[in-house]
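A short write-up of the structure that comes next.
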Amino acid sequence: MELHSLKPAKGAVKKVKRIARGQGSGRGGTSTRGHKGQKSRSGYSRKRNFEGGQMPLQMRLPKRGFNNPNREEFVALNLGRLQDIADKYNLDTINQENLVANGIVKKTDKIKVLAYGELKSKLSISAHACSENAKKAIEATGGSINLV
């Protein structure tokens, strides 16, 4: 066997149907597209979810809900997580700069401290918002919370 004698297996390669290449090809004239109508035209493409002119499902269903453009999104940090962060990075003050530097939050994120978990060490925390129970727990350990 030589490279010049290699051939594909019998029946593996089929001839391409050459559509719209004259009447002699057997696929001239309407070129397998039927007669007239939108689908026979060049450049035809049906829109997604098109239901043949019937009112599409997404337009039949009612709109629901409301997206408040003024909503403030906070990144929730629980006391247990703050304790883990303080232990891992040897911090006694936790603020936006420390959290961004260690890749915990993004520069544009707003931070809210929540009371889930246990705080063991005295921490000085700076955040945008804080729950009442979290504030009590922080002050109980001798720490302080500063709202930005």
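The values are calculated or read from the model by the stated rules, or taken from the named source; none is laboratory data. It should be emphasised that the depicted structure is a prediction, and the values quoted were computed from it without experimental measurement. Here the Cβ positions follow ideal geometry from the backbone for every residue, glycine too, while neighbour counts run over all protein chains shown.
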Subset tally (residues that are assigned to a loop (DSSP other than H, G, I, E, B) and of a type outside the set (A, V, I, L, M, F, W, C)) for the range 118-127: 4
Among the residues of the range 40-53, write down those that are under 20 Å from K17 (Cα atoms) and surrounded by 10 or more Cβ atoms within 10 Å (Cβ to Cβ). S40
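Any residue at all in the range 50-58 that is hydrophobic (A, V, I, L, M, F, W, C) and under 25 Å from the mean Cα position of the chain (by Cα)? Step through it out loud before you land on a result.
Filtering the range 50-58 down to residues hydrophobic (A, V, I, L, M, F, W, C) leaves 50, 55, 57.
When the remaining residues are screened for being under 25 Å from the mean Cα position of the chain (by Cα), the result is 57.
Yes, because at least one residue in the range 50-58 is hydrophobic (A, V, I, L, M, F, W, C) and under 25 Å from the mean Cα position of the chain (by Cα).
From L91, L77, which residue is among the hydrophobic types (A, V, I, L, M, F, W, C), modelled with pLDDT of 90 or more, closer than 30 Å to K107 by Cα and within 25 Å of the chain's Cα centre (by Cα)?
Numbers: L91 fails: within 25 Å of the chain's Cα centre (by Cα).
Selected residue: L77, the only one of L91, L77 that is among the hydrophobic types (A, V, I, L, M, F, W, C), modelled with pLDDT of 90 or more, closer than 30 Å to K107 by Cα and within 25 Å of the chain's Cα centre (by Cα).
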